[in-house]
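Colleague: Starting off with a structure, shown below.
Read-outs throughout are calculated quantities, based only on the coordinates presented, and are distinct from any laboratory measurement. Just so it is clear, the structure is predicted and the values come from calculations on it, not from any experiment. As a convention, Cβ positions derive from the backbone with ideal geometry for all residues, glycine included, and neighbour counts pool all protein chains shown.
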Number of protein chains: 4
Amino acid sequence: MSQNGNGFHSNGNGFHRGSDSNAPVRVAVVGLGYWGPNLVRNLYELPEARVAAVCDADTNRLDTIQSRYPAIPGTTSFDSLLEDPTVDAIAIATPVSTHAPLCAKALEAGKHVFVEKPLAATSEEAEALLALAAANDLVLMPGHTFLYSPPVVTIRDLIANGVLGDIYFISTSRVNLGLHQADVSVAWDLGPHDFSILRYWLEETPSHVTALSRGCVIPHIPDVTFINLEFESGAIAHVELSWLSPSKLRRTTIVGSEKMVVYDDTSNEPVRVFDSGVNLPNPESFGEYRLTYRTGDIVSPHIAASEPLFLELGDFCRAINGGETPRSSAELGLEVVRMIEAVDASLADDGSRTEVAANVPA
Amino acid sequence: MSQNGNGFHSNGNGFHRGSDSNAPVRVAVVGLGYWGPNLVRNLYELPEARVAAVCDADTNRLDTIQSRYPAIPGTTSFDSLLEDPTVDAIAIATPVSTHAPLCAKALEAGKHVFVEKPLAATSEEAEALLALAAANDLVLMPGHTFLYSPPVVTIRDLIANGVLGDIYFISTSRVNLGLHQADVSVAWDLGPHDFSILRYWLEETPSHVTALSRGCVIPHIPDVTFINLEFESGAIAHVELSWLSPSKLRRTTIVGSEKMVVYDDTSNEPVRVFDSGVNLPNPESFGEYRLTYRTGDIVSPHIAASEPLFLELGDFCRAINGGETPRSSAELGLEVVRMIEAVDASLADDGSRTEVAANVPA
Amino acid sequence: MSQNGNGFHSNGNGFHRGSDSNAPVRVAVVGLGYWGPNLVRNLYELPEARVAAVCDADTNRLDTIQSRYPAIPGTTSFDSLLEDPTVDAIAIATPVSTHAPLCAKALEAGKHVFVEKPLAATSEEAEALLALAAANDLVLMPGHTFLYSPPVVTIRDLIANGVLGDIYFISTSRVNLGLHQADVSVAWDLGPHDFSILRYWLEETPSHVTALSRGCVIPHIPDVTFINLEFESGAIAHVELSWLSPSKLRRTTIVGSEKMVVYDDTSNEPVRVFDSGVNLPNPESFGEYRLTYRTGDIVSPHIAASEPLFLELGDFCRAINGGETPRSSAELGLEVVRMIEAVDASLADDGSRTEVAANVPA
Amino acid sequence: MSQNGNGFHSNGNGFHRGSDSNAPVRVAVVGLGYWGPNLVRNLYELPEARVAAVCDADTNRLDTIQSRYPAIPGTTSFDSLLEDPTVDAIAIATPVSTHAPLCAKALEAGKHVFVEKPLAATSEEAEALLALAAANDLVLMPGHTFLYSPPVVTIRDLIANGVLGDIYFISTSRVNLGLHQADVSVAWDLGPHDFSILRYWLEETPSHVTALSRGCVIPHIPDVTFINLEFESGAIAHVELSWLSPSKLRRTTIVGSEKMVVYDDTSNEPVRVFDSGVNLPNPESFGEYRLTYRTGDIVSPHIAASEPLFLELGDFCRAINGGETPRSSAELGLEVVRMIEAVDASLADDGSRTEVAANVPA
């Protein structure tokens, strides 16, 4: 396992702000639509941060947020943030197509960047951003918030500590009667959640992807996608994504050689650990094997309630001040983009089995 | 819709037993392992049938069944049944590899045949059996019991009556901590259930199949399989099959343009109809579409409890006496075998997208 | 049924504010602890209201609320509100023991009053407040918020429209691992919810109460109470209240002669209507009766999401401007207090069956 | 704790069958209606028993059971069983009103007796039977089957081992859309289950009972009853019984000072143990107490599937052969009858608090 537990190599030197590394990070928030106000609220409450400014082209949105936070300066000019020496970092919650240009400008201006998932609209864009961040010794962090969700972290620990044994397979459904996006498919909208979680849990990017999709309501915008994933370790996974479902499902089953887990993000008991399995006493004699089935206790570990976004933004600030690679790293963000691109490539080729682009070299 | 509601053409002449078509059908049951005794019990209670004999190579099994039904003759000789003129039909519940030879012998001897699913181990075998049955004007019926399950029939009616609108997609999970089979994969063991149900509901065989599988416990016997299915109507489906699961799931979601259904075979309310959907007011102007989401009542229709196997065997007897093609027809059984073969072919070719063999010509 | 559908007589003349009856009601909110800020937030958004001032003895609380609503004046002086001619009404969210004196002062000063449940700490206090409100022609409204909860209203309509038939009995559990109150029992804390709902649904106050209680954690503060209720109509009810429970339950079963309802306030489907029942074909011949059981469809009606407190405060403002008795009327609030007093009386007399004090005369 | 763990004193000498105490007990089964065939089936499979005969006044029922068990002699004469020296014991599954006379005759004839719950229709009858059994040194065992249900035993062990701490209270619902009995109330029909379980868990009979009931469908046969119970240890309990309910509920909550348990007999996870509770750090200073709430893991212990009736009848045979008092002892059966009588007495006195008759002296 690598240094930071993400399977990625930390650069080690990194992102220090010199003499002032314990001061709160001054963050400007750009994009005040659906998600941006959540960034403002959490940064406002985070001891490691200050909200330096809020920015949106729409003055109504600026007014709304400023009526709640009168002390925070507002602007419609993104460029003015770049020139402001009191702004340490920029948090971006704008449409996906704008991620790359805004992030690039910010990095070029010497600002650390937090950007909502997905990191960029193409892997080429994402790679360029990574290079830019590295060249300028700045933090670039995509907002894969689920990596900070306590149930996801609990399961990650169960896997990393070997409690589940070898991971045989993972099956997950993320469906609801949801908000169709005008510009992206359901795989771009919901896929980053599951792809980032799988990457975090398995410390491995899938090698191959096969996908089947349909645009049920709007023919050119896929609103249901079934995705099969293969990993070099032997693990396989299925991901079902849909905006068309009678009820909200956030259900993931993780089957290991020792134990099994059901993760249901809509439940009061989001993680349930089943001490169940199958034993094959004499693997060499398949012909006359006698399997024994084990069904033991089921445990719902208590999981502390914490807001993942708060933890995530704290990780961002500590990455800036302390030089640690954040859990939701730019490398992970890039690989998520590659996975979605592989889904798109499979779909474009009639659902053929498609290789995921090579991992970031260590 | 076709004559018999299965999408298959009924031969019309068929299987009459001449002058005695209202007399109970005399059925011999072959194979008294796990399932055979259920056939005996239901045939014993069915007004349209008589259990003419029971047959198994294992005399202990014969003794057990005869201690409960002392009046039923028992034999270890399959051939003796063929020669017995008082035996009208043979019901076969033996291992899959024996289906084809036993069925062929029975048909050649002029006996109607009921055989447990799958109909045969290969589509070639199945095709030969269909030809033999047609040539001898005999009923050949595979035991796709779920086609007689009241919830499955309820949903079939909802679809056939247009209540659900166009079927956008179906997603189904049939998993449990189950009995690994020594000789067949999970797709051959559990797949016939879902494939027969999908065929019955959609009146359509999928055109293409893509599958991903793993032998988690015994490497050469796949115990988890993710299957994507495409239909020419545009419908798509996902089928998850597994013997390795923390808990039993029998959950199917059917998403139509008008309503959605959740079918949970483990629930007291196996069918739930959701009056939910998405409306696209002006389909021609995708650019500026405004979707409206509809969430209405949820109804769990009352579903009468009846034993599907009892209904199925009744259908078998009526097919013999009345000449109607049974709902679980030989043609449907053949197509189910073709679907499983397509799954195997996809798996053998690294999960490539695979065409399902051509449908039976009308 | 009475004029306002509550079983209470509306005074008819009532609470007009003369020439200005369509102007927003200017409400001062007193008590900014746990619940008061919710009053402020909803009044702030309500077209029919203006928040005239906020008041709390604790300046920290004032500062917190004013940092969010800078335009709202704050004061630590309750009396200053009474003298302020621009204040039409006072909304009180202070501890129960202060309800009566604060309400009385406000009514004497000519202010309409909204007060959190329960209306007062004794029925004598409550009666005095009703008299004072009547004498001054002012609205006095206790905050029985559940009467504005959409599921509760849906069930009320099912009952009032006869869909459920005669109400045989109601059984309800309101339990959780909850916040023990320092000064009141669980019956005073949680009981007003169920007692107000029962009063609203049945249009009837119970005639007799029997209670059993225990102070499990703190001996002199009952934290679990089992309450049996009898109504003159023949209906009976059981109410279980507890702060000690492994999981949160808000489950009510209503059994009528025609249909049955389960109301689960923690569920996505809070109201489920069961078309189930028992028929007694020949009631006169009990000796040889043959009951038939009916189990039909189950329907979860779609229930619009609305914040009950918002609807409740709207009702308060309309009562002031329009003269209608609010649904959560002072009379209902008084009867709720009488029910809780009857519980206390039963407990004080070793759980004896206790009469509820006479209803308010019409 | 007493010798046999039931809180009752074992007589110590007891029920030996002299020299032949390891031979199977020869049991005649009387009453072949709904439940009797289950007794026959389990006794037939029990190594410690032989079915000596079956007896019913209705020859159709005799024929039915004998067609399944041709080797078992059948008779319509109860008296003939009494005279048969090869009959060691008689198992009675007849209507409640016949329990006392049939049991008395059997005991007088020197036969051990197993009788379906409740033991008798009145406590006087039950006491007379106990005296008769003691005088003749015979086993008299009522069929409180739930005492052999694995979930009930699991909870009993959790309580007896102190895992739950002091038992604060128990709340239980046993309701369904059920079979109204022609001759008895719901309390006599379903109450024995909960009363025997409570007696087994708490090793204590309640001191006082308060009940509220209604005959909804047939006025003189109560089909819903709410029962409050007080125990001298301080524990309290509520028992809800009903034949009129939208869905089947078998849910019991046990709240202890250390842990809490939910027992749901309809669930795949019938026992769930919640490591939840409230701590009162300084009990002496109630005025300024600070409670801390604890919410820990939830565990569903694996519970082996076994048929309670099989275990119960084994206990009966071992009591005959080994002299141990069975878990479902006559004393417990007597106290259950006293509890139901107290419920009836409370109902007859308008729901007054009623003392349960004195316990059996040790």
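Colleague: Lys and Arg at +1, Asp and Glu at -1: add these up for the other residues within a Cβ distance under 11 Å of A:PHE274 and post the number. Present the calculation step by step, with values, prior to reporting the outcome.
Modeller: On the way: positive: A:LYS259, A:ARG272, A:ARG294; negative: A:GLU258, A:ASP275, A:ASP297, D:GLU269.
It works out to a net charge of -1.
Colleague: Moving to a separate point now. Is there a quick way to get the dipole size of the protein assembly as shown? I mean about its Cα centre, with the Cβ of Lys and Arg at +1 and of Asp and Glu at -1; what is the value in debye to the nearest 20? Please report the intermediate quantities before stating the final value.
Modeller: Working: 96 positive and 184 negative charges, 1 e Å.
The calculated dipole for the protein assembly as shown is roughly 0 debye.
Colleague: Does segment A:123-249 classify as rounded, prolate or oblate by the C-alpha gyration tensor (a ≥ b ≥ c root eigenvalues; a/c under 1.5 gives rounded; else a/b over b/c gives prolate, otherwise oblate)? Mind showing how you got there, number by number?
Modeller: Working: a/c = 1.72, a/b = 1.14, b/c = 1.51.
Note, shape of segment A:123-249 comes out oblate.
Colleague: Another question, if that's okay. Under the definition of Cα pairs under 8 Å and six or more residues apart, what whole-number percent is the relative contact order of chain C?
Modeller: Details: 755 pairs, mean separation 72.1, N = 362.
Relative contact order of chain C: 20 percent.
Colleague: Oh, and also: So which residue, out of A:ILE65, A:ILE92, A:ILE218, gets the largest mean-square fluctuation from a GNM of chain A using Cα contacts under 10 Å as springs?
Modeller: Residue with maximal mean-square fluctuation among A:ILE65, A:ILE92, A:ILE218: A:ILE218.
Colleague: Check C:ASP297: other-chain or 5+ apart residues with amide H under 5 Å from its amide H, H built from backbone geometry?
Modeller: The answer is B:HIS302, C:ASP275.
Colleague: Placing a label point 7 Å from Cα toward Cβ, how far apart in nm is B:ASP183 from its equivalents in the other copies, listed shortest first to one decimal?
Modeller: Its label point is 5.5, 5.9, 7.9 nm from the equivalent points in the other copies.
Colleague: Once both labels are modelled 7 Å past Cα along the beta-carbon direction, what's the B:ASP157-A:HIS220 spacing in nm?
Modeller: 4.3
Colleague: By count of other Cβ within 10 Å, fewest leading, how are B:ARG251, D:ARG68 ordered?
Modeller: Values: B:ARG251 20, D:ARG68 14.
With the sparsest Cβ surroundings first, the list reads D:ARG68, B:ARG251.
Colleague: Moving on. What's the exposure ranking of D:THR94, B:THR225, going from fewest to most Cβ atoms within 10 Å? Walk me through the intermediate numbers first.
Modeller: Details: D:THR94 22, B:THR225 25.
In order of increasing Cβ crowding within 10 Å: D:THR94, B:THR225.
Colleague: Okay, next question. Taking R0 as 22 Å, what FRET efficiency do you get between D:ASN279 and A:HIS302 from their Cβ-Cβ distance, rounded to the nearest 0.05? Mind showing how you got there, number by number?
Modeller: Numbers: r = 16 Å, r/R0 = 0.71.
Efficiency, from the Cβ-Cβ distance: 0.90.
Colleague: Once both axes come from the Cα atoms, what is the angle between helix D:150-160 and the longest principal axis of chain D, in degrees from 0 to 90, rounded to 10?
Modeller: Compared with the principal axis, the helix lies near 50 degrees.
Colleague: When a/c reaches 1.5 or more, the comparison of a/b and b/c decides; with that in mind, is chain A rounded, prolate or oblate per its Cα gyration tensor? Working shown, then result.
Modeller: Working: a/c = 1.83, a/b = 1.62, b/c = 1.13.
Since a/c reaches 1.5 and a/b is larger than b/c, the shape of chain A is classed as prolate.
Colleague: If you don't mind, there's one more thing I want to ask. Run the label-point distances for B:PRO150 please: 7 Å along Cα to Cβ, every other copy, nanometres, shortest first.
Modeller: Label point to label point, same position, other copies: 2.9, 3.3, 4.4 nm.
Colleague: Label-point separation (nm) for D:LEU179 and D:ASP166, each offset 7 Å from Cα along Cα-to-Cβ?
Modeller: Spacing of the two 7 Å Cα→Cβ label points: 4.3 nm.
Colleague: Hey, what angle do you get for helix A:99-108 against the long axis of chain A, alpha-carbon based, 0 to 90 degrees rounded to 10?
Modeller: 50
Colleague: For the pair B:THR64 and C:GLU355, how long in nm is the line joining their label points, each one 7 Å along Cα→Cβ?
Modeller: Calculated label separation equals 7.0 nm.
Colleague: Hey, can you grab everything whose amide H is under 5 Å from the amide H of D:ARG26? Only 5+ residues off in sequence or another chain; H modelled, so Pro and N-termini drop out.
Modeller: D:ARG50, D:ASP88, D:ALA89
Colleague: Once each part is reduced to its C-alpha centroid, what is the distance from segment C:25-80 to segment D:201-241 in angstrom?
Modeller: A separation of 48 Å, based on Cα centres.
Colleague: Something else about it: Please report D:MET260, B:MET141 as a ranked list, fewest other C-beta atoms within 10 angstrom at the top and most at the bottom.
Modeller: On the way: D:MET260 24, B:MET141 27.
With the fewest neighbours first, D:MET260, B:MET141 line up as D:MET260, B:MET141.
Colleague: At a Förster distance of 22 Å, what's the computed FRET efficiency of C:LEU291 paired with D:THR266, Cβ-Cβ distance as r, to 0.05? Let's see the in-between values first.
Modeller: Details: r = 23 Å, r/R0 = 1.05.
Efficiency, from the Cβ-Cβ distance: 0.45.
Colleague: Going 7 Å from Cα along the Cα-Cβ axis for the label, what nanometre distances separate C:ASP58 from the same residue across the other copies?
Modeller: 3.7, 7.0, 7.4
Colleague: Report, in degrees rounded to the nearest 10, the 0 to 90 angle that the Cα long axis of helix B:186-202 makes with the longest principal axis of chain B.
Modeller: The helix B:186-202 is inclined about 70 degrees to chain B.
Colleague: Continuing with this model, one more query. Once you have a ≥ b ≥ c as the square roots of the Cα gyration tensor eigenvalues for the protein assembly as shown, tell me rounded if a/c is under 1.5, and otherwise prolate or oblate according to whether a/b is larger than b/c.
Modeller: oblate
Colleague: What net charge is computed for the residues neighbouring D:LEU32, neighbours being all others with C-beta under 15 Å from the C-beta of D:LEU32, Lys and Arg scored +1, Asp and Glu -1? Spell out each step's value before the answer.
Modeller: Working: positive: D:ARG41, D:ARG61, D:ARG68; negative: D:ASP56, D:ASP58, D:ASP63, D:GLU116.
Here the count lands on -1.
Colleague: Give a residue-ordered list of calculated ³J(HN,Hα) values for segment A:51-56 (Karplus: 6.51 cos²θ - 1.76 cosθ + 1.60, θ = phi - 60°; whole Hz; x for Gly, Pro).
Modeller: The phi angles translate into 7, 6, 5, 10, 9, 7 Hz.
Colleague: Which residue is it, in chain A, whose C-beta lies closest to the A-to-B rotation axis, and what is that distance in whole Å?
Modeller: Nearest residue, distance rounded to whole Å: A:THR210, 3.
Colleague: Quick check: Cα centre of segment D:96-143 to Cα centre of segment C:91-151, how many Å?
Modeller: The two parts, judged by their Cα centres, are 63 Å apart.
Colleague: For chain D, modelled as a Gaussian network with Cα springs under 10 Å, which listed residue fluctuates most, D:ASN268, D:ASN176, D:ASN228?
Modeller: Of the options given, D:ASN268 has the highest mean-square fluctuation.
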